[in-house]
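Peer 1: Let me give you the structure first, and then I'll get to my questions.
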Amino acid sequence: MKKTTLLLTFFVLITSCGVRQTRESLTSGDYDAAIQTAVEGLRNRKEAKGKQDYIYLLEEAFAKAKERDLQNINMWFKDANPSNAEKIYNSYLQLNNRQELIKPLLPLRLIKEGRNAIFPMDDYSDQIISSKNALAKHLYDNSKALLATKDKMSFRRAYDDLVYLNQLNPGYKDVASLMDEAQLKGTDFVSVYTKNETNMVIPIRLENDLLDFSTFGLNDKWTVYHSNKIKGINYDYGLIVNFRQINISPEQVKEKEFYKEKQVKDGTKPLLDANGNQVKDDKGNPIRVDNFKTIKATVYEFKQFKSVQVTAKVDYIDFRTNQLIETFPLASEFVFEHTYAKYNGERAACDDSYLTFFDQRAVPFPSNEQMVSDSGEDLKNKLKGVITQNKIRR
């Protein structure tokens, strides 16, 4: 009994909250929110007395929403502005969808009044079709007008309208070819190339890696980067990687000598007391303990070192005005380092971390060209970061 009472109390509280929310939405003029909340409240046990408030509120919200939509539609028709086509179409869809939302719940009985709640249902199919055709015509005509301009932003708006039109009415006239035209006209084409302002030759491998934009993944809906110009394309922007300075350190070998020693086990020996006498166990047997000895080694460590620093700047150029838009710094460093070592004495005296160095030998230093080329991957990642964070258009 107690459990049933608790469940009933919980049900009443939930219903009360939903009714209050529905009433607030209705009062504020958000009729569709009121309808949605009421419908959700009536999906279970719609005949219960506690659900009567939902039915009254739903009836009122439906009537007011329908009245407002029809008034708006009438006003837009009188205005005769083609740009209202989408509002008219969406309003007819809304009128129809609202009815479809309520239909599964009908009939809804108002107990006190002894009648069913009134929800006048109309067939909007003709209006939906005619307003859809009017919208399609408006989108098509407006897109054609936008494509006749010389503004890229207009081309992009035309593309978005054509995509919507294609979803609304697939296969409408020549929409597919117009979409291709709008996409091409609305795209910013960026020519990417390098300039060498240093007194060194830039390795061709570095230039090729840096300009291999196929691996960058930077192209987006409206921006395409080309490292090789394509005939017939008018490039809007230039992205120039200017190499400013290349600093290469001398080849260095740093030597370090240090001493190591370690205690290691070397068999066993008799245990002696403080007086030098041999210690025995309770059976009279001599006790033996581990014997340790000290082993030593002198380690000679050699570190080969060479580094390169490449500094550059990235210039964004507007080809239409031939003006510099922005400049961003770019820098990279690559370090060659190789360690090997020798020892005199006992190898076991050295730390385990050094043992691999004893198997190494000196290696040839990489050439200056190789060092510069090896800096390319880091330079490329940083260039990608600059472009990603600083789009041509924001």
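None of the figures in this text is laboratory data; all of them are computed from the coordinates on show. The shown structure was predicted, so the numbers you read here are calculated from the model rather than taken from an experiment. Cβ sites come from the backbone with ideal geometry, for glycine too, and all protein chains shown count toward neighbours.
Peer 1: Over the residues of segment 275-348, compute the C-alpha Rg and express it relative to 2.2 N^0.38 Å. Working shown, then result.
Peer 2: Working: Rg = 34.0 Å, N = 74, 2.2 N^0.38 = 11.3 Å.
So segment 275-348 has a normalised radius of gyration of 3.01.
Peer 1: Could you tell me how many degrees, from 0 to 90 and to the nearest 10, lie between the Cα long axis of helix 2-27 and the main elongation axis, the longest principal axis, of the Cα atoms of the chain?
Peer 2: 70
Peer 1: Another question, if that's okay. Taking amide H atoms as placed 1.01 Å from N in the peptide plane, list the residues 5 or more away in sequence, or in a different chain, whose amide H sits under 5 Å from that of Thr194.
Peer 2: Those lying under 5 Å, H to H, from Thr194 are Val241.
Peer 1: Please build a GNM for the chain, connecting alpha carbons under 10 Å apart, and tell me which residue among Lys229, Lys112, Lys313 fluctuates the most.
Peer 2: Among Lys229, Lys112, Lys313, the largest GNM mean-square fluctuation belongs to Lys112.
Peer 1: Select from Val39, Ala176, Ser191 the residue farthest towards the positive end of the dipole of the chain; place +1 on Cβ of Lys and Arg, -1 on Cβ of Asp and Glu, and compute about the Cα centre.
Peer 2: Checked the options; the winner is Val39.
Peer 1: Shape of segment 211-251 from its Cα gyration tensor (a ≥ b ≥ c, root eigenvalues): rounded if a/c is under 1.5, otherwise prolate when a/b > b/c, or oblate? If you can, show how the numbers build up before the last one.
Peer 2: On the way: a/c = 3.14, a/b = 2.23, b/c = 1.41.
Verdict is prolate for segment 211-251.
Peer 1: Shifting gears a bit: Under a Cβ-Cβ cut-off of 14 Å, what is the net charge of the residues other than Thr268 that fall near it, where Lys and Arg count +1 and Asp and Glu count -1?
Peer 2: Values: positive: Lys265, Lys269, Arg288, Lys293; negative: Asp266, Asp290.
Cβ neighbours under 14 Å give a net charge of +2.
Peer 1: Nearest 10 degrees, 0 to 90: what angle lies between the long axis of helix 152-168 and the longest principal axis of the chain (Cα atoms)?
Peer 2: Between the helix axis and the principal axis of the chain, the angle is about 60 degrees.
Peer 1: Identify which of Gly267, Gly41, Gly232 has the largest mean-square fluctuation in a Gaussian network model of the chain, with springs joining Cα atoms closer than 10 Å.
Peer 2: It is Gly267.
Peer 1: So, one more: Can you give the net charge of the other residues whose Cβ lies under 13 Å from the Cβ of Leu383, counting K and R as +1 and D and E as -1? It would help to have the intermediate numbers written out before the result.
Peer 2: Working: positive: Lys313, Lys380, Lys382, Lys384; negative: Glu207, Asp209, Asp212, Asp315, Glu377, Asp378.
Cβ neighbours under 13 Å give a net charge of -2.
Peer 1: I want to check the label-to-label distance for Thr339 and Ala176. Put each point 7 Å from Cα in the C-beta direction and report it in nm to one decimal.
Peer 2: Each label point lies 7 Å from its Cα, and together they span 6.5 nm.
Peer 1: Would you work out the charge dipole size for segment 291-374 about its Cα centre, treating the Cβ of every Lys and Arg as +1 and the Cβ of every Asp and Glu as -1, and quote it to the nearest 20 debye?
Peer 2: Working: 9 positive and 12 negative charges, 97 e Å.
Dipole magnitude for segment 291-374 comes out near 460 debye.
Peer 1: Calculate one ³J(HN,Hα) per residue across segment 230-241 by plugging θ = phi - 60° into the Karplus curve 6.51 cos²θ - 1.76 cosθ + 1.60, and present them in order as whole Hz with x for glycine and proline.
Peer 2: Each residue's phi maps through the Karplus curve to give 9, 4, x, 9, 8, 7, 7, 9, x, 10, 10, 9 Hz.
Peer 1: Note down the magnitude of the dipole of segment 124-216 about its Cα centre, charges +1 on Lys and Arg C-beta and -1 on Asp and Glu C-beta and zero elsewhere, to the nearest 20 debye. Provide the component values of the computation, followed by the final result.
Peer 2: On the way: 11 positive and 13 negative charges, 62 e Å.
Magnitude of the dipole: close to 300 debye.
Peer 1: If the limit is 32 Å between Cα atoms, which of Lys49/Lys103; Lys152/Lys313; Lys78/Lys185; Lys103/Lys144; Lys152/Lys380; Lys150/Lys231 go over it? Walk me through the numbers before you get to the answer.
Peer 2: Numbers: Lys49/Lys103 20 Å; Lys152/Lys313 28 Å; Lys78/Lys185 36 Å; Lys103/Lys144 41 Å; Lys152/Lys380 30 Å; Lys150/Lys231 21 Å.
Over 32 Å apart, Cα to Cα: Lys78/Lys185; Lys103/Lys144.
Peer 1: Take the alpha-carbon centre of segment 252-291, take the same for segment 181-223, and report the distance between them in whole Å.
Peer 2: 70
Peer 1: Let me ask you something else. Can you give the angle from 0 to 90° between the axis of helix 175-186 and the longest principal axis of the chain, with both taken from C-alpha atoms, to the nearest 10?
Peer 2: The answer is roughly 50 degrees.
Peer 1: Could you tell me which of Met153, Ile88, Gln245 has its Cα farthest along the dipole of the chain towards the positive end, charges placed at Cβ (Lys, Arg +1; Asp, Glu -1), taken about the Cα centre?
Peer 2: Ile88
Peer 1: How far apart, in nm, are two points set 7 Å out from the Cα along the Cα-to-Cβ line at Ile204 and at Lys296?
Peer 2: 6.0
Peer 1: What length, rounded to one decimal in nm, is gained on full extension from Met121 through to Ala148, with 0.36 nm per residue of separation minus their alpha-carbon distance? Display every interim value, and only then the final one.
Peer 2: Values: separation 27, 0.36 × 27 = 9.72 nm, distance 4.46 nm.
Full-extension gain reported as 5.3 nm.
Peer 1: Can you work out the Karplus-derived ³J(HN,Hα) for every residue in segment 190-196? Use 6.51 cos²θ - 1.76 cosθ + 1.60 with θ = phi - 60°, whole Hz, and x for glycine or proline.
Peer 2: Calculated HN-Hα couplings, in order: 10, 8, 10, 8, 10, 10, 10 Hz.
Peer 1: Follow-up. Can you compute the charge dipole magnitude of the chain about its Cα centre, using +1 on each Lys and Arg Cβ and -1 on each Asp and Glu Cβ, nothing else charged? Give it in debye, rounded to the nearest 20. Can you show the working numbers first?
Peer 2: Working: 58 positive and 54 negative charges, 224 e Å.
Roughly 1080 debye, rounded to the nearest 20.
Peer 1: Once a ≥ b ≥ c are taken as the square roots of the eigenvalues of the Cα gyration tensor of the chain, is the result rounded (a/c under 1.5), prolate (a/b larger than b/c) or oblate (a/b not larger than b/c)?
Peer 2: Working: a/c = 5.51, a/b = 1.61, b/c = 3.42.
Oblate, since a/c reaches 1.5 and b/c is not below a/b.
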